[in-house]
Amino acid sequence: MQIEQINLRDKLDRARLSFDTQLAEVLVGRPDVGYAQIEEEFGISEKVIRRVMKQFNIGARKRGPKPKQQGPNV
């Protein structure tokens, strides 16, 4: 009986790419969610966020308070 060889490095790289893709989608699609909240939800560090931003060429978010929406001037 032959034992099938498994390349663990390739399997790890595929799993990491899948995770990184999900994280990139959150970073691009949810600008209202802060990095701290993303770190907590995904269980990752800021270093991982920076790596994914560089990997997928995602620009940094604007800093500071969010502008308030102005209603019509009556």
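Brief remarks on what is shown
- Solvent-accessible heavy-atom area per residue, rounded to whole Å², over region 4-66 at 1.4 Å: 84
- Axial C-alpha extent at least 24 Å, average Kyte-Doolittle at least -0.5 - helices from the chain (DSSP): 8-29
- The heavy atoms of residue 3 offer some 140 square angstrom of accessible surface to a 1.4 angstrom probe.
- Taking the helices alone, the chain has a mean residue ellipticity at 222 nm of -17000 deg cm²/dmol, built from -39,500 (n - 2.57) per DSSP H run of at least 4 residues and averaged over all its residues.
- Farthest towards the positive end of the charge dipole of the chain, among the residues 34, 55, 65, is the Cα of 65, using unit charges on the Cβ of Lys, Arg, Asp and Glu.
- Of 30, 63, 51, the one that fluctuates the most in a GNM where the chain has Cα springs shorter than 10 Å: 63
- Residue 14 - accessible surface, heavy atoms, 1.4 Å probe, Å² rounded to 10: 150
- Heavy-atom accessible surface of the chain: percent carbon and sulfur, 1.4 Å: 53
The values are calculated or read from the model by the stated rules, or taken from the named source; none is laboratory data. This one's a predicted model, so the numbers in the text were calculated from it and none came from an experiment. Every residue, glycine as well, gets a Cβ built from its backbone with ideal geometry; the counts of neighbours run over all protein chains shown. Just so you know, the surface numbers come from the protein's heavy atoms only, side chains and all, with ligands and any DNA or RNA stripped out. Shrake-Rupley method; radii C 1.70, N 1.55, O 1.52, S 1.80 Å.
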